[in-house]
Structures are given as C-alpha cells and as structure tokens.
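Colleague: Next up is a structure, given as structure tokens.
What follows draws every value from the coordinates through simple rules; no lab data is involved. Please read these numbers as outputs of a predicted model, since none were measured by experiment. A quick note on method: Cβ atoms are made from the backbone with ideal geometry, for glycine too, and the neighbour counts reach across all protein chains shown.
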Amino acid sequence: MIVLGASAHLAFLFREVGQERVAEVVDRSCLSTVNLCEVLGRFACDGHDPVEVLNRIRETSIEIVPFVSDRAALAAALARALRPRGFSMGDRACLALAVSRDLPALTADRVRIDIDVGVEVRVIR
C-alpha cells in the first residue's frame, strides 16, 4: 500500500510526466480526503462537476481515507517544520496519513526529496 499525494494523483489522471510511476501502484494506494478535495477542486476549476469526478474515483480501487482528528493533530504537528518550506495543508495531510499507517508517500513535488518525517517519500518525476 502507498499514500498518494494530490500532485501524484493529478499527474496520473492528466497523464503528465511521471504518471507511469503512479500507474504501477494505483491499485494498491490510498488517498486522504484532504487530498481528494484538492483533486476534485482542480477538476472543478477546469469546469468539471466534482461529484461526477468523485463518483469515478470511487469506482477505482483507491481507498479514500477520512481525515480524522488524530491525523489532523499529526498534520498540525508537522506544520512548524514543514510550512516554512512550502508544505501546504494538503501536503501535511498526505504525510500524516503515511506516518499513521507507516506507508510510503508518493508525490510529484520535487522539493519533497530531502525531508525526514519518518516515512519514505517517493517522487514520480
């Protein structure tokens, strides 16, 4: 199992550079509801109905994981170290899910290569 960041999931959905790395693991991946919101927001901004996109994502094998209070506290704890380095709430939600499940995280954001949060962070491009 691997945790998808919104950037990795979007790269896969839009067939961008690195999408093949996501395709290799998408059948055994999970996504935080915070990152799901980011993905749906991107489609909404492009003029698509986010409910339709959500229904399509629900038809896949990707596990959608609720952003519960324990993960919220973990994401908040990561803020002090990571926010000054440009990590968004969504980035921290992805990492909190990865840490809570002791899973690697997959991202398209190259700046993430050198962080140490206790789990492996893989970059797709």
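Colleague: So what is the relative contact order of the stretch 1-48, in percent, for Cα pairs below 8 Å that sit 6 or more residues apart?
Modeller: Normalised by residue count, the contact order of the stretch 1-48 is 44 percent.
Colleague: So what is the diffusion coefficient of the stretch 2-123 in µm² per second by Stokes-Einstein at 10 °C and 1.306 mPa s, using a Kirkwood Rh over Cα pairs?
Modeller: My calculation gives 110 µm²/s for D.
Colleague: Taking R0 as 25 Å, what's the FRET efficiency between H48 and R110 from their Cβ-Cβ distance, rounded to 0.05?
Modeller: With a Förster radius of 25 Å, E is 0.40.
Colleague: Turning to a different aspect of this structure: Across the stretch 90-102, in residue order, what do the Karplus-derived ³J(HN,Hα) couplings come to in whole Hz, using 6.51 cos²θ - 1.76 cosθ + 1.60 with θ = phi - 60° and x for Gly and Pro?
Modeller: The phi angles translate into x, 4, 5, 5, 4, 5, 4, 5, 4, 5, 5, 9, 6 Hz.
Colleague: Using a Förster radius of 22 Å, what is the FRET efficiency between T33 and S88 based on their Cβ-Cβ separation? Nearest 0.05, please.
Modeller: 0.90
Colleague: Would you calculate the separation in nanometres between label points at A79 and V17, each defined as 7 Å from the Cα along the Cα-to-beta-carbon direction?
Modeller: Going by the 7 Å Cα→Cβ label model, 3.3 nm.
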